[in-house]
1. Quick one: which residues, 5 or more positions from Leu19 or on another chain, have an amide H under 5 Å from its amide H? H modelled 1.01 Å from N in the peptide plane, none for Pro or chain starts.
2. Using a 1.4 Å probe on the protein chains only, how many percent of the accessible area of the chain belongs to carbon and sulfur?
3. Would you list Lys107, Lys116 from the most to the least accessible area, probe 1.4 Å?
4. Principal axis lengths of the range 1-96 from Cα atoms, whole Å, largest first?
5. Which helices of the chain meet both criteria: a Cα extent of 27 Å or more along the helical axis and a mean Kyte-Doolittle score no lower than -1.0, with helices taken as whole DSSP H segments?
6. So for each of 19-31, 87-99, 125-137, 44-56 I average, over its residues, the number of other beta carbons within 10 Å; can you give me the resulting order with the highest mean first?
7. Helix-only estimate, please: 222 nm mean residue ellipticity of the chain, summing -39500 (n - 2.57) across DSSP H runs of length 4 or more and dividing by its residues, to the nearest 500.
8. Report, to one decimal in Å, the Kirkwood hydrodynamic radius for the range 37-92 based on all distinct Cα pairs.
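The values are calculated or read from the model by the stated rules, or taken from the named source; none is laboratory data. Model, not experiment: these values are computed from the prediction. Virtual Cβ from ideal backbone geometry, glycine too; neighbours counted across all protein chains shown. What goes into the accessible areas is simple: the full protein's heavy atoms, side chains included, and nothing from ligands, DNA or RNA. Shrake-Rupley method; radii C 1.70, N 1.55, O 1.52, S 1.80 Å.
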Amino acid sequence: MGRLTIGFVVDTCKRVWNLPRSGILVVVVLSVVVSQIAVGIAGTLPLLLVGSALTGLSYGFIFGFVPTLVSVWFGTQHFGSNWGLTSMLIGFSGQALGAFFGYVYDKNIPDQDPSKCPSGSCYRVAFVLSIGIATLGLLAAAVLARRRGHRRRQNRRQWEAEEVNHIEYVPFILAE
């Protein structure tokens with residue numbers, strides 16, 4: 001669902017609110033943080049389902065939006081290599097966190113009996129790490145958005161200054 005809606009969401013944010021792509025990235029990463037918190041604190045099945053749906057939606061947002069960012073920010077000449085590296089890093093972190101979740105679960109489950117692990121208490125530590133990593137990603141996205149906004153304002157001022165310098169003054173002469 002996230003991949004299907006992210007294009008519409010980004011276009012709406014840019015046209016209606018004039019929100020730059022880097023600002024939209026902050027919102028997308030924020031959705032990851034919220035989804036991890038929802039799953040991490042889930043004590044009931046309905047809350048777990050909501051958190052899981054948010055996780056799927058936010059990852060759909062990421063995989064539908066980040067390729068656009070990669071092509072816009074780094075160009076299309078080496079898009080395949082740049083997106084491949086980005087995807088590889090996302091995949092690596094997913095595999096590493098998955099292995100960590102398994103390790104924490106195996107270490108904390110008593111007698112290897114899943115019924116003795118109420119409300120996900122056996123792997124709560126893994127969600128704390130996942131929320132921490134997502135929060136670091138949110139912080140990085142916010143810093144990136146701020147720097148890109150600053151650069152955008154500098155470029156706009158420079159462009160406006162150059163435009164003023166290139167305008168030739170043509171005096172108005174009254175006909176005699």
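1. Amide H to amide H, under 5 Å and 5 or more residues apart or across chains, Leu19 pairs with Lys14.
2. That fraction is 65 percent.
3. Result, largest first: Lys107, Lys116.
4. The principal-axis extents, from largest down, are 48, 37, 19 Å.
5. In the chain, the long hydrophobic H runs are 21-40, 45-74, 79-108, 124-166.
6. Values: 19-31: 20.0, 87-99: 11.5, 125-137: 17.1, 44-56: 14.0.
My ranking of the peptides, most packed first, is 19-31, 125-137, 44-56, 87-99.
7. On the way: 5 runs with 138 residues, N = 176.
Here the helix-only value at 222 nm equals -28000 deg cm²/dmol.
8. 12.9 Å
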